[in-house]
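Chemist: One structure is given below, represented as structure tokens, and several questions about it will come after.
The values are calculated or read from the model by the stated rules, or taken from the named source; none is laboratory data. Remember, predicted model here, so these are calculated numbers, not experimental data. Please note: Cβ atoms are built from the backbone with ideal geometry, for glycine as well, and neighbour counts cover all protein chains shown. These area figures cover heavy atoms from the full protein model, side chains too; ligands, DNA and RNA do not enter into them. Shrake-Rupley method; radii C 1.70, N 1.55, O 1.52, S 1.80 Å.
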Amino acid sequence: MIIISARLKFIGTNNFDAGKNVSLHIHSCSEIVLYIGANGKTEINGKTFNIKNGDIAVINPLSPHSEQHLEKCRLIYFGIESEEQAGITVDNE
């Protein structure tokens, strides 16, 4: 079991039409994004990744990231912050 000791900073969902881009931005906390019905690309820290239905992105604090959606998609996202303010603390006990 993995226990994550973190605070929820934000949670949300977005629906994007085909051709929608999300401009480069950062967060002061970690972000977890679940892509539903997705087909596109995300850029995280200058590296490009293909995204598809069911993919999950884990984005570290202050990491520049953006998205390009080639098809209509939905995503659910969570912003979390560890007690140390430096990402996620994981305990694998």
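Chemist: For the range 35-71, give me each residue that is open to solvent by 60 Å² or more (accessible area, probe 1.4 Å), assigned to a strand (DSSP E or B) and touching a residue at least 40 places away in the same chain (Cβ under 8 Å).
Modeler: Hits for the range 35-71 are ILE36, GLN68.
Chemist: Would you say ILE44 is modelled with pLDDT of 95 or more, within 19 Å of ILE11 (Cβ to Cβ) and of a type outside the set (D, E, K, R)? Walk me through it before giving the result.
Modeler: On the way: modelled with pLDDT of 95 or more: yes; within 19 Å of ILE11 (Cβ to Cβ): no; of a type outside the set (D, E, K, R): yes.
So ILE44 does not fit the description; no.
Chemist: While we're on this one: From the set of residues in the range 72-93 that are closer than 18 Å to CYS29 by Cα and of a type in the set (S, T, N, Q), which is modelled with the highest pLDDT?
Modeler: Among them, the one singled out is SER82.
Chemist: Further, regarding this structure: Among the residues of the range 1-19, write down those that are at pLDDT 90 or above and open to solvent by 90 Å² or more (accessible area, probe 1.4 Å). Talk me through it step by step, then tell me what you get.
Modeler: Start the filter on the range 1-19 by keeping residues that are at pLDDT 90 or above, which leaves 9-19.
Within the range 1-19, LYS9, ILE11, ASN15, ASP17 qualify.
Chemist: Tally up the residues in the range 21-34 that are assigned to a strand (DSSP E or B) and open to solvent by 20 Å² or more (accessible area, probe 1.4 Å), please. Walk me through how you get there before you give the answer.
Modeler: Quick first cut of the range 21-34, residues assigned to a strand (DSSP E or B) only: 21-25, 30-34.
Now drop any that are not open to solvent by 20 Å² or more (accessible area, probe 1.4 Å), which leaves 21-25, 32, 34.
Number satisfying all stated conditions: 7.
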